[in-house]
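Chemist: Supplied in structure tokens, the structure appears directly below.
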Amino acid sequence: MQTPKDFFGFQPGSAGNLFNYNQLIDYLSLLDANSPRLKMEQIGESPMGQPMYILFISSEENIQNLEKYKAINKTLMLDPNLNHEQQTDLAEKGKVFVLATLSMHSTEVAPSQAASLIAYDYATTNDPEMLSYLDDVVYMMVPNHNPDGMNMIVENYLEYKGTKYEGSTMPGLYHKYVGHDNNRDFITLSQSDSRAISTITSTTWFPQVMVEKHQMGSRGPRYFVPPNHDPIAENIDAGLWNWNGLFGTNMIKDLTGAGLKGVSQGYAFDNYWPGSTETCLWKNVMAFLTEAASVATATSIYIEPNELSVSGKGLAEYEISANMPDPWMGGWWTLNDIVQLELVSTKSIIKTASFHKKEILNFTNTLCKKEVSKGDNQAPFYYILPAKQHDQGQLLAFVNLMLEHGIQVNKLTKEQVINQTVFSEGSIVVPLSQPFRAFVKEVMEKQSFPVRHYSKDGPMIEPYDITSWSLPLHMGLESVEVNDKIAGLKENLQPITEKITIQNSIPEKALYVILPVEQNRSFAMAFELLSEAQAVYRFSEDQENVHIGSFAIKINAKNKKLLEEKLVANKVYATFSESKLEGLKKLENPKVGIIETWNHDMDAGWTRYVLDDHSIPFQLIRPDELQTMDLSGFGVLLFPSSEKDILLEGKRKTSSGDYNPSSLPPQFAKGMGKAGLKRVMEFVNNGGHVVTWGNSVDLFMGPMKITSGKEEEDFSLPISNIANQLEKKGLYVAGSLATVLLKTNLPLTYGMRETENVFFRGDPVFQTSIPGFDMDRRVIASFPKDDICPSGYMKNEDLLSKLPAAVCIKKGKGKMVFYSFSPQFRSSTSSVYKFLFNALLLD
């Protein structure tokens, strides 16, 4: 059988050498064709159309009986009605399935490079010990979690190999849309690669163990294994944390025994928030990650001892400690060093799974029974979502998302009164009495961050990422938590087993299709029709049963079938009119430009995704292009959250005010400069619109200059960012939901309610001022007086009381819209997408 070295022409892991995704799949396909211990199956496609695969590696007999063991997995994971004998019998007959997902962050190349060595070794080994492990274990390898990004990174590295820019940062995102944030998508499941991976643990193979293989910074420990640092998720059963700790303890033992130094535990990485691949932990999988110190992609680096450091969680000094008993003390660090860590840690995980096969399989079904029993005997018992919602399409999207997650969802077959609340037929009921109870509770309840400290009365341990992900709140859905057992409710529930679709036929006498402004998908259909040269109108006033801002399309013989198809495809709950409509204004499709830097600009990528998902055309603009590009053809320029210094100069400033050299090749380390900013403001002055949020708003704060006619005009917009002042007073916001109060029925708030929840990080915070010259300002949304944080964690939130959260500014003939929040945060705040969509349609 051909070795990896013979196939690729170099030893995987050797310095300066990388193969791409397609080459890796070609090699694994060769092994699959020639080894009875391997079987490879396609599990989906990447966002850019690359096929994604899972590779099963086990004994020949196990590979021949995969479907049998798949059925056992499902039964042990989901059937709470097995008696002791049945459970014990399946634990005896079954195998432990260990899922490994590799190199989702594409700069972290080593796990996927090691994949070829692992597959070859396990396919050809005659080692009795390893063969015995493979009798007990089915190793499931996703060779690369992000195929598009792997190809991008390898191509970029090889382009600069041998030059002084070898190992430099790849310009842009290593993903079609989300870059590093692909590890934040495992609740929303917006990306096709996320869905392909999630399906494995949610609805198809049900592995008992899962490891996600990562790399981290270069200057700290060489490797991280579980257990994690505090805080940890409180809905997770203690047994899962114990199992994760056992796998980690065995890894550090085996890695140290192999002479590999610098392995750490309980360091840096908490496990509080769901959203990463390990979200399957909330679905009773023993799920954890490993992290290896990185090199410059595939180029070796030399680290002096004084350059090694740690900070914060778990390690205060780079010294011998309980969490790093054998530190690495510096020297050359190579790609092969990381590959060796991957080889040893992977074998250790498989060995632990083999040693504890029956115990793991029994635990899986015991935990299933335990979670179902909790749902039967502990509040909450149900979450009920009323059949009628503000955005009806969001309820449909919620049900379909929960089904993708493997969650049991029901609908009421008749009206029911629960705790003096009337729930109509068709209301959605999500029971807690189900195997994935922890996931249901986690994503349905409001989040309350578990505050932990480094020492008694010491500083708080800050969260690794965000602190809110409640689906009802993020999606804008009304949801009722039921904390009492309700007699007769089960008899009125009908399981929903297939995704909901809409069948919309246009009535014979209808003259207009009306798309309600409350529904996000109405905007999607309107933009789609505009792109296909269909006439779309918007209501300029409230009419009977139709709110201002809703869309209308005239029906004729030529477009009737098209409209029916669009309604079904976009899942719009439309209405129809048999009368001629008045008060309509014809829409024009705005030309939208998105400003996206080359610096792994994830917020801009998410913005592109949301626009694409809603059929909104746009043109991508790099900041330096603003110095010369003709902007007169654009209607709107979007500035998603990005640092002011990156936008202006292409580099970050140090605390001393100097610019740090960029890690990008110089042709990509460019900003718009003062000249580009001046041209953007002249674009506004001449009638264009700018929409900006997050860090990008700082670009427009303070003194500015434009040329108006033959005169130079100096001005400052009547808005400032006071976040730094509030931080000094003690404001702390850990990526939370914030409530905002809206002025409704304005062009920016069409289709929205008086109170909405937005995703907020504490910066920016606005203060407006009385304008001068040809400027004006209007506050569109403000923080309430109190009760600002419905989900997540804020400290001293009262400092935000009544301050503006959304402001529209008029300058010259144009307008600028400022949001203190991300209206499309990681595509998880669909309840407030209309802040973005309406801004694109401003007059």
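The values are calculated or read from the model by the stated rules, or taken from the named source; none is laboratory data. What you see is a predicted model, and the numbers here were worked out from it, not measured in a lab. Note that we place each Cβ from the backbone using ideal geometry, even for glycine, and neighbour counts take in every protein chain shown. Surface areas here come from the heavy atoms of the whole protein model, side chains and all, with no ligands, DNA or RNA. Shrake-Rupley method; radii C 1.70, N 1.55, O 1.52, S 1.80 Å.
Chemist: Taking the Cα centre of the chain as the origin and placing charges on Cβ (Lys, Arg +1; Asp, Glu -1), which of GLY172, THR249, GLY162 is farthest toward the positive end of the dipole?
Modeler: GLY172
Chemist: What list of ³J(HN,Hα) couplings, whole Hz, do you get for segment 382-398 from phi and the Karplus terms 6.51, -1.76, 1.60, once you set θ to phi - 60° and write x for glycine and proline?
Modeler: 3J(HN,Hα) across segment 382-398, in whole Hz: 8, 10, 10, 10, x, 4, 9, 10, 4, 10, 4, x, 5, 5, 4, 4, 4.
Chemist: How much space per residue, in cubic angstrom, does the convex hull of the C-alpha atoms of segment 258-347 take up?
Modeler: Roughly 127 Å³ of hull volume per residue.
Chemist: Would you mind computing, in nm to one decimal, how far apart the modelled labels at GLU498 and ARG652 are, each placed 7 Å from Cα along Cα→Cβ?
Modeler: 5.1 nm
Chemist: Under 5 Å between amide H atoms, partner at least 5 residues away or on a different chain: which partners does GLU45 have, H built in plane at 1.01 Å?
Modeler: MET52
Chemist: To make sure I understand the rule: partners must be lysines, Cα under 22 Å from the Cα of LYS357, and not fewer than 8 residues away in the same chain. Which ones qualify?
Modeler: LYS39, LYS68, LYS70, LYS74, LYS93, LYS95, LYS253, LYS283, LYS347, LYS369, LYS370
Chemist: Please list log₁₀ I(q)/I(0) at q = 0.27, 0.32 Å⁻¹ for segment 26-70, using the Debye equation with identical point scatterers on the alpha-carbon positions.
Modeler: Listed by q, the Debye log ratios stand at -0.96, -1.11.
Chemist: Follow-up. Would you report the distance distribution of C-alpha pairs in the chain as whole percents per 20 angstrom bin, up to the bin with the largest distance?
Modeler: 14, 45, 34, 6, 0
Chemist: Determine, for each peptide in 613-620, 434-441, the mean count of other beta carbons within 10 angstrom over its residues, then list the peptides with the highest first.
Modeler: Highest-to-lowest ranking by the protection proxy: 434-441, 613-620.
Chemist: Taking R0 as 60 Å, what's the FRET efficiency between ASP230 and GLU60 from their Cβ-Cβ distance, rounded to 0.05?
Modeler: So, using R0 = 60 Å, E works out to roughly 0.85.
Chemist: While we're here: Report, to the nearest 10°, how far helix 110-124 tilts away from the longest principal axis of the Cα atoms in the chain, using its own Cα long axis and a range of 0 to 90°.
Modeler: Once rounded, the angle reads 40 degrees.
Chemist: Okay, moving on. Show me 291-298, 485-492 ranked by packing, highest mean number of other Cβ atoms within 10 Å first.
Modeler: The densest-packed peptide leads the list: 291-298, 485-492.
Chemist: Further question on the same structure: Hey, can you find the accessible area per residue of the chain for me, probe 1.4 Å, expressed in square angstrom?
Modeler: 38 Å²
Chemist: If we restrict to alpha carbons, what Rg and Dmax does segment 291-422 come to, in Å?
Modeler: Answer for segment 291-422, Rg first and Dmax second: 25.7, 71 Å.
Chemist: Sticking with this one: With θ taken as phi - 60° and the coefficients 6.51, -1.76 and 1.60, list the Karplus ³J(HN,Hα) couplings across segment 25-32 in order, rounded to whole Hz; mark glycine and proline as x.
Modeler: 5, 4, 5, 5, 5, 4, 5, 4
Chemist: May I pose another question? Summarise the long-distance tail of P(r) for segment 72-197 by giving the % of C-alpha pairs beyond 19 Å.
Modeler: 64 percent
Chemist: Express the Stokes-Einstein translational diffusion coefficient of segment 338-488 in µm² s⁻¹, to the nearest whole number, given a Kirkwood radius over alpha-carbon pairs, 25 °C and a viscosity of 0.890 mPa s.
Modeler: 133 µm²/s
Chemist: Something else about it: Out of all DSSP beta bridges with both ends in the chain, state the antiparallel percent to the nearest 5.
Modeler: 70 percent
Chemist: Give me the lysines in straight-line cross-link reach of LYS802: C-alpha distance below 20 Å, same-chain residues under 8 apart excluded.
Modeler: Counting by Cα, and skipping residues close in sequence, LYS802 has these lysines nearby: LYS728, LYS729, LYS743, LYS785.
Chemist: Give the peptides 82-95, 325-338 in descending order of average Cβ contacts within 10 Å, highest first.
Modeler: Listed from highest to lowest mean packing, they are 325-338, 82-95.
Chemist: Okay, next question. So for the chain, taking the charge dipole from beta-carbon charges (+1 Lys/Arg, -1 Asp/Glu), which of ASN410, MET150, THR297 sits furthest toward the positive end?
Modeler: My answer, from the dipole projection, is ASN410.
Chemist: State the dimensionless ratio Rg/Rh of segment 657-712 (Rg: radius of gyration of Cα atoms; Rh: Kirkwood radius).
Modeler: So for segment 657-712, dividing Rg by the Kirkwood Rh gives 1.04.
Chemist: For segment 413-539, what does the alpha-carbon gyration tensor say about shape, rounded, prolate or oblate, given a ≥ b ≥ c as the root eigenvalues, a/c under 1.5 as rounded, and a/b over b/c as prolate?
Modeler: In terms of gyration-tensor shape, oblate.
Chemist: What net charge do the residues around PRO640 carry, taking every other residue with its C-beta under 11 Å from that of PRO640, with Lys and Arg at +1 and Asp and Glu at -1?
Modeler: Here the count lands on -2.
Chemist: Can you tell me the dipole magnitude for segment 526-601 around its Cα centre, using point charges on the Cβ only (Lys, Arg +1; Asp, Glu -1), in Debye to the nearest 20?
Modeler: Dipole about the Cα centre, nearest 20: 340 debye.
Chemist: Which whole-Hz couplings ³J(HN,Hα) result when phi for each residue of segment 429-441 is put into the Karplus expression 6.51 cos²θ - 1.76 cosθ + 1.60, θ = phi - 60°, listed in order with x for Gly and Pro?
Modeler: So the Karplus estimates, Gly and Pro as x, are 10, 10, x, 8, 7, 7, x, 8, 3, 4, 5, 4, 5 Hz.
Chemist: Helix-only mean residue ellipticity at 222 nm, the chain, DSSP H runs n ≥ 4 weighted -39,500 (n - 2.57), per residue, nearest 500. What is it?
Modeler: My calculation for the chain gives -9000 deg cm²/dmol from helical runs alone.
Chemist: Once every Cα of segment 179-267 carries one equal point scatterer and solvent is ignored, give the base-10 log of I(q)/I(0) from the Debye formula at q = 0.25 Å⁻¹, two decimals.
Modeler: Log10 I(q)/I(0), no solvent term: -1.29.
Chemist: Right, here's the next one. Report the one residue of ALA353, LEU515, SER35 whose Cα lies farthest in the direction of the positive end of the charge dipole of the chain (charges on C-beta: Lys and Arg +1, Asp and Glu -1; origin at the Cα centre).
Modeler: Of the candidates, LEU515 comes out farthest on the positive side.
Chemist: Just to confirm a number: summing +1 for Lys and Arg and -1 for Asp and Glu over residues other than LEU620 whose beta-carbon lies under 11 angstrom from that of LEU620, what do you get?
Modeler: Overall, the nearby charge balance is -1.
Chemist: Would you work out the relative contact order for segment 234-349, in percent, from Cα pairs under 8 angstrom that are 6 or more residues apart?
Modeler: Relative CO of segment 234-349 lands at 36 percent.
Chemist: Could you name the lysines in cross-link range of LYS509, using Cα to Cα under 29 Å and dropping any fewer than eight places away on the same chain?
Modeler: LYS388, LYS554, LYS558, LYS560, LYS561, LYS566, LYS571, LYS580, LYS585, LYS586
Chemist: Over the Cα atoms, compute the radius of gyration (one decimal) and Dmax (the largest Cα-Cα distance, rounded to a whole number) for segment 607-650, in Å.
Modeler: 11.9, 32
Chemist: Here is a follow-up. Taking square-rooted eigenvalues a ≥ b ≥ c of the alpha carbon gyration tensor, is segment 476-607 rounded, prolate or oblate, where a/c under 1.5 means rounded and, failing that, a/b exceeding b/c means prolate?
Modeler: Verdict is oblate for segment 476-607.
Chemist: On the accessible surface of the chain, probed at 1.4 Å, how many percent belong to carbon and sulfur atoms?
Modeler: Roughly 47 percent, rounded to a whole number.
Chemist: Let me spell out the model: positive unit charges on the Cβ of Lys and Arg, negative unit charges on the Cβ of Asp and Glu, origin at the Cα centre of segment 265-404. What dipole size does that give, in debye rounded to 20?
Modeler: In total the dipole reaches around 880 debye.
Chemist: While we're looking at this one, here's another question. If N is the number of residues in segment 613-768, what value comes out of its Cα radius of gyration divided by 2.2 N^0.38 Å?
Modeler: Dividing the Cα radius of gyration by 2.2 N^0.38 Å gives 1.17.
Chemist: Okay, moving on. Where does the charge balance sit around TYR53 when Lys and Arg score +1, Asp and Glu -1, over other residues with C-beta under 10 Å from its C-beta?
Modeler: Counting the neighbours of TYR53, the net charge comes to -2.
Chemist: Taking the Cα centre of segment 335-474 as origin, work out the dipole magnitude from +1 charges on Lys and Arg Cβ and -1 charges on Asp and Glu Cβ, in debye rounded to 20.
Modeler: 560 debye
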